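Comments concern the structure below.
The values are calculated or read from the model by the stated rules, or taken from the named source; none is laboratory data. All of these numbers come straight from a predicted model, not from anything done at the bench. Cβ sites come from the backbone with ideal geometry, for glycine too, and all protein chains shown count toward neighbours. What goes into the accessible areas is simple: the full protein's heavy atoms, side chains included, and nothing from ligands, DNA or RNA. Shrake-Rupley method; radii C 1.70, N 1.55, O 1.52, S 1.80 Å.
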Amino acid sequence: MLEFDSVEVFYGKVQALRGISLSVEEGEIVALLGNNGAGKTTTLSTASALVKSHSGKVRFNGADITKAQPWTVVGAGLIHVPEGRRIFSTLTVLENLQLGGYLVKDRTAVAKRIERVFELLPLLAERRAQQGGTLSGGEQQMLAIGRGLVAGPKMLMLDEPSMGLAPLIVAQVMQVISSIRDQGTTVLLVEQNARAALKVTDRAYVIDGGVTTVAGRAVDLLADPRIIDAYLGA
Ligand code: ATP
């Protein structure tokens with residue numbers, strides 16, 4: 001569904017991606033693991049056309065999106081939930097969700113998707129009139145994910161959804177990600193919390209220095225000494 005073929009990205013003279021190749025199949029949850037500065041966020045930003053690649057190809061659903069515009073990518077159903085939640089703190093939960101459907105012409109479809117988000121995340125339904133900025137960190141993360149769902153994704157890309165959250169809340173976020181896939185949306189997940197991510201993902205890639213260094217099924221990676229030593233602790 002999403003494919004990167006030898007993608008290179010530069011920020012000025014800094015080369016962030018040095019030939020990334022990876023693929024995500026329909027119905028999968030795939031994680032990108034790796035340390036700070038490895039190139040995980042840049043990979044997502046390249047897919048959503050917020051960053052332009054220097055060379056290589058990016059394909060989504062059979063279409064070449066290497067030189068596409070961000071709104072074309074959104075229209076094709078590839079939705080990026082950026083790091084740091086970035087909800088609108090003075091708008092209500094409902095208004096934040098409505099903004100997720102900003103580019104969708106069919107308002108009935110948007111209303112239906114918001115109802116589905118409320119079924120998936122009942123805590124947002126209870127707080128629909130509350131200002132986004134007054135939600136807890138975990139609730140804000142759920143809102144950011146919910147807003148992504150209102151855009152009608154075929155594939156949802158989530159950047160560090162566990163960041164700054166307590167372990168119990170991280171587990172809840174991972175459970176929500178699992179439910180999203182069960183309801184038919186493919187997920188590409190960037191995580192520094194490898195242990196939490198590998199529990200819900202089918203496959204993962206480790207990115208290091210702008211290239212993928214290890215790739216495999218989550219069950220195999222959980223037992224791989226290279227992953228245990230570098231990303232899972234003893
Ligand atoms: P983190 O988990 O810390 O966000 P990451 O794996 O997502 O790390 P990226 O944010 O993709 O890594 O960064 C990859 C490299 O590109 C880093 O060396 C970073 O300093 C550099 N970089 C990222 N964004 C920019 C930018 N806008 N301008 C210049 N360099 C950048």
Counted residues, segment 77-100 - those being within 16 Å of the ligand (Cβ to nearest atom), closer than 11 Å to Arg147 by Cα and of a type in the set (Gly, Ala, Ser): 0
Exactly one of these conditions fails for Ser55: (1) more than 16 Å from the ligand (Cβ to nearest atom); (2) hydroxyl-bearing (Ser, Thr, Tyr); (3) touching a helix residue (DSSP H, G or I) at 6+ places or on another chain (Cβ under 9 Å). Give me its number. (3)
Against the condition open to solvent by 20 Å² or more (accessible area, probe 1.4 Å), on the phi > 0 side of the Ramachandran plot and within 13 Å of the ligand (Cβ to nearest atom), how does Gly62 come out, does it pass? no
Take Arg195 and decide whether it is under 29 Å from Gln98 (Cβ atoms), out of contact with any Ser or Thr (no Cβ under 6 Å at 6 or more places or on another chain), among the charged types (D, E, K, R) and more than 13 Å from the ligand (Cβ to nearest atom). no
Matching residues, segment 6-45, being over 17 Å from the mean Cα position of the chain (by Cα), within 22 Å of Thr72 (Cα to Cα) and near the ligand (Cβ under 9 Å from one of its atoms): Val9
Determine which single condition Gly184 fails, assuming it passes every other condition in (1) under 22 Å from Ile79 (Cα atoms); (2) touching a helix residue (DSSP H, G or I) at 6+ places or on another chain (Cβ under 9 Å). (2)
Considering (1) farther than 30 Å from Gln140 by Cβ; (2) more than 16 Å from the ligand (Cβ to nearest atom); (3) not aromatic (Phe, Trp, Tyr), say which one Val74 fails and leave the rest. (1)
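May I ask you to list the residues in segment 173-201 that are of a type in the set (Gly, Ala, Ser) and open to solvent by 10 Å² or more (accessible area, probe 1.4 Å)? First the steps, then the outcome.
So the first thing to find is which residues in segment 173-201 are of a type in the set (Gly, Ala, Ser), and the list is 178-179, 184, 194, 196-197.
Ser178, Ser179, Gly184, Ala196 - these are the residues of segment 173-201 that are of a type in the set (Gly, Ala, Ser) and open to solvent by 10 Å² or more (accessible area, probe 1.4 Å).
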Per-region count, segment 28-52, residues assigned to a loop (DSSP other than H, G, I, E, B) and either in contact with a helix residue (DSSP H, G or I) (Cβ under 8 Å, 6 or more places away or on another chain) or touching a residue at least 12 places away in the same chain (Cβ under 8 Å) (or both): 11
